[in-house]
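Reviewing the structure listed below.
The values are calculated or read from the model by the stated rules, or taken from the named source; none is laboratory data. All figures in this text were calculated on a predicted structure; none of them were measured in a lab. In this analysis, Cβ positions are derived from the backbone assuming ideal geometry, glycine residues included, and neighbour counts consider all displayed protein chains.
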Amino acid sequence: MESLRVDLVCNAGSRPYPIHIGAGIVGAAELYAPHLQGGAVAIVTNAVVAPLYLETVRNALPGARLTQIVCADGEDTKSWQTLNRIFDQLLEARCGRDTLVIALGGGVIGDLAGFAAAVYQRGVPFLQVPTTLLAQVDSSVGGKTAINHPLGKNMIGAFHQPRAVIADVAALDTLPERELRAGLAEVIKHGFALDASFVEWLEQSMEKLLARDRAALAHAVRRSCELKARIVGEDEREAGARALLNFGHTFGHAIEAGAGYGAWLHGEAVAAGMVMAAELSQLMGQLDKSEVIRVRDLLKRAGLPVKGPALAPEQLMDLMATDKKAAQGKLRFVLLEGVGHAALCGDVDSRKVRAAIAAAAQ
């Protein structure tokens with residue numbers, strides 16, 4: 001096992017927390033013990049993950065007063081209805097402010113349980129125990145928690161940092177192939193946005209990653225977390241540099257909403273969104289065509305879509321209008337100024353955005 005640290009600095013001082021990465025650590029009692037306060041624990045998971053890992057986590061919490069909340073699987077779960085059911089069960093179990101919430105599952109469960117922890121009794125502590133590649137490399141780190149709204153993804157939420165992240169790469173053995181590939185989209189995003197040498201490593205290692213080589217997966221998780229932890233430490237609440245982590249997401253979130261939540265996995269939509277963002281970067285004169293091709297080729301090798309669903313450009317434009325990066329009513333896009341160098345660009349000509357959407361469909 002190796003551990004990284006997310007260093008958060010605010011007016012109240014430093015608030016660091018660890019990210020533990022290893023194989024077979026989901027049941028390591030010593031990783032949970034430092035975060036138990038009053039002995040009450042609420043484990044939030046879903047119907048797919050519960051049969052695989054719920055008992056293992058329960059066994060790692062000897063003596064704790066346990067409440068287990070099993071949600072349905074899928075993106076539709078990130079809703080007010082599910083959130084209220086979580087609150088119902090927490091209140092029925094008389095969970096107090098010293099209750100530790102454990103998010104056991106993928107990005108949906110992490111976002112949902114984290115948001116519940118952020119607002120239940122004005123905030124209770126929580127742990128992220130991500131069981132998908134996408135959650136291990138991205139959504140479990142950084143404290144973004146949310147549910148969806150019909151008009152936009154992750155529109156209702158809060159920043160609420162976990163006390164720790166426990167990323168067990170052995171859990172990826174049971175991950176469906178489609179979800180593994182979707183997780184690779186976020187890994188690829190980190191490279192193209194922040195680290196050219198990581199892109200080179202991914203180009204050399206893609207077959208190992210798809211074959212679930214443990215060492216390759218552990219490196220991908222570790223490097224992704226290192227990159228994200230550095231950015232989050234500088235900009236916890238996305239006032240500046242943290243927006244760079246959203247390369248491909250402005251388009252991707254619109255694809256998810258337009259296609260209907262769950263029709264496209266988040267990573268699939270982000271993959272197509274990265275192609276659109278790369279095409280827009282070229283149209284803005286910031287990226288060579290060869291580098292756009294490089295984005296497309298690596299995503300193809302990962303088995304990810306490089307074309308969006310059959311949605312009209314105007315529909316995508318309307319959906320993007322609610323993007324959280326918009327400022328003063330104008331859309332802002334995370335574009336590439338080269339491989340490994342993303343930048344936030346405002347006042348982008350809408351005609352070029354439409355042209356980028358069209359170019360990505362070819």
Open item on the list: Need the failing condition index for Glu207 against (1) outside any helix (DSSP H, G or I); (2) of a type outside the set (A, V, I, L, M, F, W, C); (3) more than 16 Å from the chain's Cα centre (by Cα), just the number.
Closed with: (1)
- [ ] Evaluate region 121-129: report whether one residue or more is in contact with a Lys or Arg (Cβ under 9 Å, 6 or more places away or on another chain), part of a loop (DSSP other than H, G, I, E, B), within 14 Å of Thr145 (Cα to Cα) and among the small types (Gly, Ala, Ser).
- [x] yes
Open item on the list: Can you report the number of residues in region 345-358 which are over 24 Å from Leu245 (Cβ atoms) and crowded, with 17+ Cβ neighbours inside 10 Å?
Closed with: 0
Task: Index of the failed condition, Thr145 passing every other in (1) under 19 Å from Ala23 (Cβ atoms); (2) free of Cβ contacts under 8 Å to residues at least 40 places away in the same chain; (3) not charged (D, E, K, R) - done: (1)
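Quick check on Leu91: is it part of a helix (DSSP H, G or I), without any contact (Cβ under 8 Å) to a residue 24 or more places away in the chain and hydrophobic (A, V, I, L, M, F, W, C)? Spell out how you get there, then give the answer.
On the way: part of a helix (DSSP H, G or I): yes; without any contact (Cβ under 8 Å) to a residue 24 or more places away in the chain: yes; hydrophobic (A, V, I, L, M, F, W, C): yes.
It is true that Leu91 is part of a helix (DSSP H, G or I), without any contact (Cβ under 8 Å) to a residue 24 or more places away in the chain and hydrophobic (A, V, I, L, M, F, W, C).
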- [ ] Looking for whichever is under 26 Å from Gln286 (Cα atoms), of a type in the set (D, E, K, R) and outside any helix (DSSP H, G or I) here; the options are Glu186, Glu200, Glu238. Which one fits?
- [x] Glu238
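Yes/no matrix, rows are residues, columns are (1) within 24 Å of Leu8 (Cβ to Cβ); (2) surrounded by fewer than 24 Cβ atoms within 10 Å (Cβ to Cβ); (3) within 17 Å of the chain's Cα centre (by Cα):
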{"site": "Arg94", "(1), (2), (3)": "no, yes, no"}
{"site": "Leu104", "(1), (2), (3)": "yes, no, yes"}
{"site": "Gly123", "(1), (2), (3)": "yes, yes, no"}
{"site": "Leu127", "(1), (2), (3)": "yes, no, yes"}
{"site": "Asp138", "(1), (2), (3)": "yes, no, yes"}
{"site": "Phe159", "(1), (2), (3)": "yes, yes, yes"}
{"site": "Arg181", "(1), (2), (3)": "no, yes, yes"}
{"site": "Leu194", "(1), (2), (3)": "yes, yes, yes"}
Task: Sole residue being under 21 Å from Val275 (Cβ atoms) and either assigned by TED's automatic domain parsing to the domain that holds Ile166 or touching a residue at least 12 places away in the same chain (Cβ under 8 Å) (or both), chosen from Gly191, Gly233 - done: Gly191
- [ ] Give me a count of the residues in region 225-235 that are farther than 15 Å from Glu186 by Cβ and in a helix (DSSP H, G or I).
- [x] 3
TODO: Check off (1) under 22 Å from Val48 (Cβ atoms); (2) at pLDDT 95 or above for Arg163 and give me the number that stays unchecked.
DONE: (1)
TODO: Working only within region 268-309, note down all residues that are farther than 26 Å from Arg351 by Cα, in contact (Cβ under 8 Å) with a residue 24 or more places away in the chain and either surrounded by fewer than 18 Cβ atoms within 10 Å (Cβ to Cβ) or under 17 Å from the mean Cα position of the chain (by Cα) (or both).
DONE: Arg301, Gly303, Leu304
Open item on the list: Residues to consider are Ala310, Ala269; find the one that is assigned to a helix (DSSP H, G or I) and outside the structural domain of Thr132 (by TED's automatic domain parsing).
Closed with: Ala269
- [ ] Would you confirm whether any residue within region 76-90 is buried (at least 16 other Cβ atoms within 10 Å of the Cβ) and under 16 Å from Ala171 (Cβ atoms)?
- [x] no
- [ ] Confirm whether Glu256 is of a type in the set (Asp, Glu) and surrounded by fewer than 17 Cβ atoms within 10 Å (Cβ to Cβ).
- [x] no
TODO: Could you tell me whether Ala239 is at pLDDT 95 or above and over 16 Å from the mean Cα position of the chain (by Cα)?
DONE: no
TODO: Determine whether Arg163 is of a type in the set (D, E, K, R), buried (at least 16 other Cβ atoms within 10 Å of the Cβ), closer than 22 Å to Asp7 by Cα and touching a Leu at 6+ places or on another chain (Cβ under 6 Å).
DONE: yes
Open item on the list: Checking the conditions here, which among Asp323, Asp297 is of a type in the set (Asp, Glu) and either farther than 15 Å from Glu279 by Cα or assigned by TED's automatic domain parsing to the domain that holds Leu151 (or both)?
Closed with: Asp323
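Would you check if Asp323 is within 24 Å of Gly183 (Cα to Cα) and either among the acidic types (Asp, Glu) or assigned to a helix (DSSP H, G or I) (or both)?
yes
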